[in-house]
1. Within the bounds of region 131-147, is there any residue that is in a loop (DSSP other than H, G, I, E, B) and on the phi < 0 side of the Ramachandran plot?
2. Which of the residues that make up region 1-48 are assigned to a helix (DSSP H, G or I) and either of a type in the set (Gly, Ala, Ser) or assigned by TED's automatic domain parsing to the domain that holds Ile85 (or both)?
3. Against the conditions (1) modelled with pLDDT of 90 or more; (2) farther than 29 Å from Glu109 by Cβ, where does Gly47 fall short? Just the number, please.
4. Say whether the condition of being crowded, with 16+ Cβ neighbours inside 10 Å, under 27 Å from Tyr13 (Cβ atoms), among the polar types (S, T, N, Q) and under 20 Å from the mean Cα position of the chain (by Cα) is met by at least one residue in region 74-89.
5. Which one of these is under 21 Å from the mean Cα position of the chain (by Cα), surrounded by fewer than 13 Cβ atoms within 10 Å (Cβ to Cβ) and of a type outside the set (A, V, I, L, M): Ser18, Ser5?
6. Could you give me the residue pairs with C-beta distances under 8 Å whose first residue belongs to region 67-91 and is under 16 Å from Val40 (Cα atoms), whose second residue is surrounded by 14 or more Cβ atoms within 10 Å (Cβ to Cβ) and β-branched (Val, Ile, Thr) wherever it lies, and which are 6+ apart or on separate chains?
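The values are calculated or read from the model by the stated rules, or taken from the named source; none is laboratory data. Note that the structure is predicted; figures quoted are calculated from it, not measured. All Cβ positions, even for glycine, are placed from backbone atoms using ideal geometry, and neighbour counts span all protein chains on display.
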Amino acid sequence: MGKLSYEDKINLYKDKKSGLSTSSVSKKYGIRTSGVNYLVKLIDIHGFDVLRTNKNKVYIKYEKQEAIDRVLINNEPVWTVALDIGLPSDSLLQAWIKKYKEMGYNIVERKRGRPTMNKKELKPKKNETLEEENERLKKENLYLKAELEYSKKLRAVVQARKNQQQKKK
């Protein structure tokens, strides 16, 4: 259902309520019949306001845990819980449950954004043999050479920009 626009979802709902069969609406909009049924039921319960989202909603751990507990502990159907919460599709809740089981019954928040760069510091070990020390020092040397090359290139780019700006004046 993610590929349908807001207007498509409203038109789908109106088509279904006007008496068209689920299979014909499904073919018209190119989604599964279960998706049509879910969307119609979702709008019946929450109204058209549930469709008005400009971006993906981020669900906090507590909300996820509550929904998962309702399914796993209270034995409520996934479909009903997803409708009560107002999720865009029941497959989202199914994905949460699958990930929850894979992670050893723990909810792990997905980290967003670019990961920080970790500098691997090559520290000497206490019981390091001569070969291991030699290998460690080679790696450290390569790392430092790469860092030096990077700073040289960066300096050259900055200098070139300064020269261009001076020429324009």
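1. Applying the first criterion (in a loop (DSSP other than H, G, I, E, B)) to region 131-147 yields none.
Checked region 131-147: no residue is in a loop (DSSP other than H, G, I, E, B) and on the phi < 0 side of the Ramachandran plot.
2. Across region 1-48, the qualifying residues are Ser23, Ser24, Ser26, Ser34, Gly35.
3. (1)
4. Yes, region 74-89 contains a residue that is crowded, with 16+ Cβ neighbours inside 10 Å, under 27 Å from Tyr13 (Cβ atoms), among the polar types (S, T, N, Q) and under 20 Å from the mean Cα position of the chain (by Cα).
5. Ser5
6. Listed by first residue and then by second, the contacts come to Val81/Val71; Gly86/Val50; Asp90/Val78.
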